[in-house]
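Here's the structure, in structure tokens; my notes come after.
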């Protein structure tokens, strides 16, 4: 069964990288690129726009896989699976801040790779990714960003009106304008959901 999923493998041990590639091809993934280091990954990810990045944490160079992954997810709607032989707590704490989908621990077996990637392929956010992130925030006014921050903290229209000393109607107008600019459905609490998901960006 073929899939349109695009995957970038970042691994400086080419034998391991090719092994991962062959395993992924066995489950129908054809669009796979391999980068054997930080700089090559930077050259590849913009053009490939991967849905999924399998990245070795411990690249043998100045910048490690966590630094690389952070840069990639800041620019792309993609997801990370870290490859690691590390149990170092400092590495794991840094990696965890990026909310990776999973970890693949060396030495690994083919069955582990298949199970991990197939679970990722069942994730709707992964399938809908593989694109550049849009800077929605730059289209909002300072007042709209302030209101969006309050929404992300769970404040209702009445709460916001009271805190900012404005009318509920003004807040409702702001909410409508924000939803339009963010291309959100005005129903089903879409704005609240978006605000909570992007709270750290506000």
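The values are calculated or read from the model by the stated rules, or taken from the named source; none is laboratory data. Given the structure is predicted, the values throughout are model-derived calculations rather than measurements. With ideal geometry, Cβ positions are generated from the backbone for all residues, glycine too; neighbour counts draw on all protein chains shown.
Overview of results
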item	result
In segment 123-145, residue farthest from the chain's Cα centre (by Cα) [restricted to those that are in a loop (DSSP other than H, G, I, E, B) and loosely packed, with under 12 Cβ neighbours inside 10 Å]	135
Those strands (runs of 3 or more DSSP E) lying entirely in segment 3-60 with at least 3 residues in the same structural domain as residue 78 (by TED's automatic domain parsing), in contact with a strand residue (DSSP E or B) (Cβ under 6 Å, 6 or more places away or on another chain) and surrounded by fewer than 22 Cβ atoms within 10 Å (Cβ to Cβ)	29-35
Residue check, residue 83 part of a helix (DSSP H, G or I), under 28 Å from residue 201 (Cβ atoms) and out of contact with any helix residue (DSSP H, G or I) (no Cβ under 6 Å at 6 or more places or on another chain)	no
Some residue of segment 177-199 being under 22 Å from residue 80 (Cβ atoms), surrounded by 14 or more Cβ atoms within 10 Å (Cβ to Cβ) and at pLDDT 90 or above	no
Boolean, residue 120 is touching a helix residue (DSSP H, G or I) at 6+ places or on another chain (Cβ under 7 Å), part of a helix (DSSP H, G or I) and farther than 30 Å from residue 22 by Cβ	no
Subset tally (residues that are within 9 Å of the chain's Cα centre (by Cα) and either assigned to a strand (DSSP E or B) or at positive phi (or both)) for segment 86-110	1
Residue that is nearest to residue 200 (Cα to Cα) [pool: residues in segment 99-120 that are in contact (Cβ under 8 Å) with a residue 40 or more places away in the chain and surrounded by fewer than 16 Cβ atoms within 10 Å (Cβ to Cβ)]	118
Matching residues, segment 146-184, being closer than 12 Å to residue 202 by Cβ and either part of a helix (DSSP H, G or I) or in contact with a strand residue (DSSP E or B) (Cβ under 9 Å, 6 or more places away or on another chain) (or both)	146, 147, 148, 149, 150, 151, 152, 178
